[in-house]
1. Output wanted: per-residue J couplings in Hz (rounded whole) for segment A:20-34, from phi through Karplus 6.51 cos²θ - 1.76 cosθ + 1.60, θ = phi - 60°, x for Gly and Pro.
2. Add +1 for every Lys or Arg and -1 for every Asp or Glu among the other residues with Cβ under 10 Å from the Cβ of B:SER251, and state the total.
3. Within 10 Å of each Cβ of A:160-173, how many other protein chain Cβ atoms are there on average?
4. Show log10 I(q)/I(0) for segment B:105-184 at q = 0.24, 0.25, 0.27 Å⁻¹, two decimals, from a solvent-free Debye sum over equal Cα scatterers.
5. Please report Rg (one decimal) and Dmax (integer) in Å for the Cα set of segment B:86-280.
6. Please report how far the C-alpha centroid of segment A:135-191 lies from that of segment B:208-267, rounded to the nearest whole angstrom.
7. Net charge within 12 Å of A:SER95 by Cβ-Cβ distance, Lys/Arg positive one each and Asp/Glu negative one each, not counting A:SER95 itself?
8. Listed here are the pairs A:LYS24/B:LYS157; A:LYS169/B:LYS95; B:LYS95/B:LYS274; A:LYS169/B:LYS274; A:LYS28/A:LYS96; which of them are more than 30 Å apart at the Cα?
Amino acid sequence: MAEAVESPGDPETTTSRPLMRDLKAVGKKFMHVLYPRKSNTLLRDWDLWGPLILCVTLALMLQRGSVDSEKDGGPQFAEVFVIVWFGAVTITLNSKLLGGNISFFQSLCVLGYCILPLTMAMLVCRLVLLAEPGPINFMVRLFVVIIMFAWSIVASTAFLADSQPPNRKALAVYPVFLFYFVISWMILTFTPQ
Amino acid sequence: MAAADELAFHEFEEATNLLAQTPNETTTRSDQLSPKGHVAVAMDSGGSYGAEDEVEESDKTMLLQEEKQQPGFWTFGYYQSFFDVDTSQVLDRIKGSLLPRPGHSFVRHQLRNRPDLYGPFWICATLAFVLAITGNLTLLLAQRRDPSIHYSPQFHKVTVASVTIYCYAWLVPLALWGFLRWRKGVRERMGLYTFLETVCVYGYSLFVFIPTVVLWLVPVPWLQWLSGALALALSAAGLVFTLWPVVREDSRLAAGVLLSVVVLLHALLAMGCKFYFFQPLPPEPMASPHQATPPPPATMLPPTLPRSVAA
């Protein structure tokens, strides 16, 4: 394609075209998560950039600002990172051990991309928390988080459910539910200092 | 009905020799899968091993566990054999752990020589997260009632909960299995459970605590103690009924001590969780840490306080 025509010494074309291509691929997968259909794009062209971007964004937003009381606060950056990646790896191992025919990285890719609705919920929650606190504040955040949690589950199940034998689908989907539930809980209980 | 068929099937290979040598061993009620190929579990009264494919599966499992060296522990297939369960089987095992019956050993009636690791692992994970989350929710609800209590997400409790539950559910069965093996060396008539079966029993017995912990959200003390005691009774009863056929052959003292230690450890776990994650909050507002720092202006106060600043 365009790579063959690049002049060798030109830094703009040797780095920006593959970068734009990758960014477009990530963006396309985001759209697939937001409008989940049964398609193979996420599975076929897996990449882990999207999950990394989402995980870092989520961890940065969830990190508590000041360290006034280290023991009592919300999760640290590293804790969120560990929960997301360790959780995704555990779920992937679980579904492979149950006999699913999805590859390791494809499953990580799907689980990571389906955090996108919850990251959007985190953004909304942070904006809502700037307003006046109170029960309405809490109800709005609760509503948004519940909707996004359901969206994440639907999106990931649409991609993952077909890879399991039919009498074990529930066994493979339950850990996904637990994973997104824990992340939703972390988002909901976020209190800015 | 099928007892005669199963005897005929079992007398196929090694059981013939076994029956010839030690006729009493067939009445032992253990799922011992030693290299002697002792598969006379069909002798159990009221055994529902009617189907032949169950027998074949137990043979297959026996082979898998005998030839443990061939699919080595470094291969993926070795671990896949521990996740060879269906949704309905896991649900049945959970139901069996919720309703223990005397004389029905969990290992015999639910596991049937096919222990799985799915149940113990995910039940422990669920219990750890539910403990941390409901403990935090209790603090949130208390803060609603008494605004001077400082609410914080307390994320470190997740770590504490998961380490505690996983250590309990894996180290205690290890110790128990080791102890039983040692006693078996002393008294050969005792039965034995494999390590995985012990882990399975403990893992599924922890399931009853999940709804109990959710019930502990209700701030009524007598209800909390009642539900805790009920859960502990069910769970410990399941453990005792499962272990009883194995330790029955041992001396009274050893059996009694073992069973009491098992129940005591279980009770310690339940009470430890109750006290650590659901700390009873003091009725008066706490004095020290909130007077040193200026009180946070808006976030902690309930909206019903009149704001004199507002026009």
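1. 5, 5, 5, 5, 5, 5, 5, x, 4, 5, 4, 5, 5, 6, 5
2. Residues close to B:SER251 contribute a combined charge of +1.
3. Rounded to a whole number, the mean comes out at 3.
4. -1.12, -1.15, -1.20
5. 18.0, 63
6. If you average the Cα positions of each part, the centres end up 33 Å apart.
7. The answer is +2.
8. Pairs exceeding 30 Å: A:LYS24/B:LYS157; A:LYS169/B:LYS274.
Only the coordinates and a few stated rules stand behind these numbers; no lab work does. Bear in mind the structure is a predicted one, so any value in this text is a computation, not a measurement. No Cβ is skipped: glycine too gets one built from the backbone with ideal geometry, and neighbour counts run over all protein chains shown.
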